Amino acid sequence: VQLQASGGGLVQAGGSLRLSCAASGLAFSSYSMAWFRQAPGKEREFVAAVRWSGGSTYYVDSVKGRFTISRDNAKNLVYLQMNSLNPEDTAVYYCAAGRVISGTARTPRAYNYWGQGTQVTVSS
């Protein structure tokens with residue numbers, strides 16, 4: 001199984017980025033997908049998740065209304081559209097895949113597979 005995250009970069013506060021995660025080696029449409037992030041010196045934090053069908057999405061409160069997670073099961077891709085970025089969003093962003101039980105979508109241990117991460121840096 002491989003999860004390849006891309007789309008990170010340096011952006012000014014208020015700007016936007018779209019992260020992509022390409023999945024291979026798994027039955028993509030059977031897996032919930034999520035984005036986590038980790039800032040220097042901090043624990044890995046849940047950002048957003050989408051259930052296998054795309055019908056249910058979950059977000060950490062700090063990104064609600066600014067970030068949107070979506071998936072394309074035909075292309076084995078999951079996206080994270082990030083708008084109104086601020087310096088507190090600076091982190092390495094990781095995509096993850098798992099057969100997530102209801103109620104555990106925000107928990108890292110619910111996910112079996114992880115990508116390598118992509119750096120997002122927001123300047124003030």
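Some points to look at:
- Take every Cα pair under 8 Å whose residues are at least 6 apart in sequence, average their separation, divide by the length of the chain, and the relative contact order is 35 percent.
- Convex hull volume of region 1-57 per residue (C-alpha atoms, cubic angstrom): 113
- Spin-label pair Thr121-Asn73: with each label point 7 Å from Cα along the Cα-Cβ axis, the two points sit 3.9 nm from one another.
- Counting only protein heavy atoms and a probe of 1.4 Å, the accessible surface of the chain is 46% carbon and sulfur.
- Percent antiparallel among DSSP beta bridges (both partners in the chain, rounded to 5): 90
- Per residue, in Å², the accessible surface of the chain once ligands and nucleic acids are set aside, probe 1.4 Å: 50
- Between region 105-124 and region 6-66, the alpha-carbon center distance in angstrom: 7
- Angstrom value of the Kirkwood radius, inverse mean 1/r, which spans all Cα pairs in the chain: 14.2
- The chain: most fluctuating residue of Ala110, Ala13, Ala27 per GNM, C-alpha cutoff 10 Å: Ala27
The values are calculated or read from the model by the stated rules, or taken from the named source; none is laboratory data. From a predicted model like this one, the values you see are computed outputs, not experimental measurements. Neighbour counts run over all protein chains shown; Cβ positions are idealised from the backbone, glycine included. Calculation scope for accessible area: heavy atoms of the full protein, side chains included, ligands and nucleic acids excluded. Shrake-Rupley method; radii C 1.70, N 1.55, O 1.52, S 1.80 Å.
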